[in-house]
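The values are calculated or read from the model by the stated rules, or taken from the named source; none is laboratory data. Note that the structure is a prediction, hence the values are computed from the model and not measured. We place every Cβ from the backbone using ideal geometry, glycine too, and count neighbours over all the protein chains shown.
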Amino acid sequence: MLSRKASCDSHGQDSSYFLGWQEYEKNPYDEARNASGIIQMGLAENQLSLDLIESWIERNPEATGLRRGGSFTSAFKQLALFQDYHGLPAFKEALADFMAKIRGNKVKFDPNRIVLTAGATSANEILMFCLTEPGDAFLVPTPYYPGFDRDLKWRTGVEIVPINTSSSNNFRVTASAMEEAFSQAETLNLTVRGILITNPSNPLGTTMARDELDNILQFVLAKNIHLISDEIYSGTVFHSPGFVSISEVARDNGIGLDQVHLVYSLSKDLGLPGFRAGLIYTGNDALISTATKMSSFGLVSSHTQFLLAGMLSDENFTGQYIIENRERLRKRKEEMVMGLREAGIECLPGNSGLFCWVDMRRLLKSRTFEAEMELWRQLIYEVRLNVSPGLACHCSEPGWFRICFANMNVRTLEVAVTRIKAFTVSMHVD
Ligand SMILES: Cc1ncc(COP(=O)(O)O)c(C=O)c1O
């Protein structure tokens, strides 16, 4: 009954990433009502600083009451009527400033080069639509965010060809791995249109080093393809080495943003995935114009833009928020890493993100993805933790898992860690 486009299986719905969520929905942990339920650790949500946002909203009722500060005149009619797909100028200006602030004001952003989208999901799909033909390829370093299979491939017909990385160099992207992926695409008769990186990385929880970004940029220029940098986690960097944006590296190399495009959203840094506020930033005029037209399919509500414009233009608030949010994430990550260490489990050293990339290789019965899936099933059904196996992130080595730590309160985290400790004891891991 459905079209081939809609029913094709490139969505990735069968991946353990989504299956884990389904299992969680059937038996969700609740401290008071279901203490033996499954704890959701497969969701990269940032709940640690929502209180800061809530109290800003309480202090600024005109923002939600659709009133303008000072004179308190109503903005209702203007917001309720037809929305121009260019978005509210005040919101784009505030976003441009916020993005610069997160990058230590080392780079500036022009609000006119922002295309608003309903989250980074929509931004990534629009970029695929605009930059590829069906059947073309994008190279993506592994391990990568499982949602990319859906976002990049499903409706556009794009193929993802992995740039495989290895634990031997902490999953860094090398020139030879990029060449290998490029050749693999050629062998498959696919035209490579670009590379999509995620910096800071989901699932690694690490930032890319400047020389790594330099290499990627040089590769992209040599092959004359596009580079998309999904920087949705740029505000979560809580430890050195600091964050280097591709916008900074391009500028320092004297390269404009014609071939280099940024994706951002407020889903992670502000913890607002429900608000669906994302963007594409590019120096490419044709892309801005086409992507803006395409954004009609997923606009950010004017009401949301108005509220966020008010919040992000409050410089005192954003300055304090960025610092406090990073500190809370740093502390939470440390609690997670220490808890896992006491259970005999180590994490990849990380400095960012809402998750740890956890090395469970020693818990595998064999170094295979079958053994990884067996361990995942034990974790979800026996230990009752929904975590994401590396296989769902297309990791090329079995035994790594992504564990999220910012979508719960600290007591729930302690319960999770206690369960993992009991599990590793039962497995005789010391
Ligand atoms: C790397 C990456 N890109 C995009 C998204 C989607 O974000 P949004 O909620 O803004 O659509 C996520 C969400 O987890 C992500 O991790």
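Any residue in the range 220-232 that is assigned to a loop (DSSP other than H, G, I, E, B), acidic (Asp, Glu) and assigned by TED's automatic domain parsing to the domain that holds residue 97? Yes, some residue in the range 220-232 is assigned to a loop (DSSP other than H, G, I, E, B), acidic (Asp, Glu) and assigned by TED's automatic domain parsing to the domain that holds residue 97.
Looking at the range 118-130, is at least one residue on the phi < 0 side of the Ramachandran plot, away from the ligand (no atom under 16 Å from the Cβ) and either touching a residue at least 12 places away in the same chain (Cβ under 8 Å) or in the same structural domain as residue 283 (by TED's automatic domain parsing) (or both)? Yes.
Under the condition of being within 16 Å of the ligand (Cβ to nearest atom), of a type in the set (Ser, Thr, Tyr) and out of contact with any strand residue (DSSP E or B) (no Cβ under 6 Å at 6 or more places or on another chain), the residues counted in the range 271-306 number 2.
Filter the range 82-112 for residues that are on the phi < 0 side of the Ramachandran plot, assigned to a loop (DSSP other than H, G, I, E, B) and not aliphatic (A, V, I, L, M) and give the result.
Once the filter is applied, which keeps residues that are on the phi < 0 side of the Ramachandran plot, assigned to a loop (DSSP other than H, G, I, E, B) and not aliphatic (A, V, I, L, M), the range 82-112 yields 82, 83, 84, 85, 86, 103, 106, 108, 109, 110.
On the given criteria, is residue 43 free of Cβ contacts under 8 Å to residues at least 12 places away in the same chain and crowded, with 16+ Cβ neighbours inside 10 Å? No, not satisfied. Does residue 388 meet the test of being under 20 Å from residue 37 (Cα atoms) and among the small types (Gly, Ala, Ser)? So residue 388 passes the test.
Restricting attention to the range 274-318, the residues that are out of contact with any helix residue (DSSP H, G or I) (no Cβ under 7 Å at 6 or more places or on another chain), part of a helix (DSSP H, G or I) and of a type outside the set (Phe, Trp, Tyr) add up to 9. Test residue 244 against the criterion of being assigned to a loop (DSSP other than H, G, I, E, B), more than 11 Å from the ligand (Cβ to nearest atom), of a type in the set (Val, Ile, Thr) and in the same structural domain as residue 143 (by TED's automatic domain parsing), and give yes or no. Judged against the criteria, residue 244 is a match. Identification of helices (runs of 4 or more DSSP H) wholly contained in the range 1-76 with 2 or more residues that are over 28 Å from residue 332 (Cα atoms) and more than 21 Å from the chain's Cα centre (by Cα) yields 4-7, 61-64.
Would the range 6-20 turn up any residue that is in contact with a helix residue (DSSP H, G or I) (Cβ under 8 Å, 6 or more places away or on another chain) and hydrophobic (A, V, I, L, M, F, W, C)? Yes - at least one qualifying residue is present in the range 6-20. Out of 118, 80, 137, one residue alone is closer than 22 Å to residue 274 by Cβ and surrounded by 13 or more Cβ atoms within 10 Å (Cβ to Cβ). It is 118.
One residue stands out in the range 131-151 among those that are more than 12 Å from the ligand (Cβ to nearest atom) and not charged (D, E, K, R): the one that is nearest to residue 269 (Cα to Cα), namely 142.
Going by the structure shown, is residue 94 touching a Ser or Thr at 6+ places or on another chain (Cβ under 6 Å) and more than 15 Å from the ligand (Cβ to nearest atom)?
Numbers: touching a Ser or Thr at 6+ places or on another chain (Cβ under 6 Å): yes; more than 15 Å from the ligand (Cβ to nearest atom): yes.
Spelling it out, residue 94 is indeed touching a Ser or Thr at 6+ places or on another chain (Cβ under 6 Å) and more than 15 Å from the ligand (Cβ to nearest atom).
The lone criterion from (1) touching a Ser or Thr at 6+ places or on another chain (Cβ under 9 Å); (2) modelled with pLDDT under 95; (3) surrounded by fewer than 17 Cβ atoms within 10 Å (Cβ to Cβ) left unmet by residue 27 is number (2).
Among the residues making up the range 180-205, those that are within 16 Å of the ligand (Cβ to nearest atom) and either closer than 14 Å to residue 229 by Cα or over 12 Å from the mean Cα position of the chain (by Cα) (or both) are 194, 195, 196, 197, 198, 199, 200, 201, 202.
Test residue 250 against the stated conditions and say whether it is away from the ligand (no atom under 16 Å from the Cβ) and either among the hydrophobic types (A, V, I, L, M, F, W, C) or modelled with pLDDT under 95 (or both). It is true that residue 250 is away from the ligand (no atom under 16 Å from the Cβ) and either among the hydrophobic types (A, V, I, L, M, F, W, C) or modelled with pLDDT under 95 (or both).
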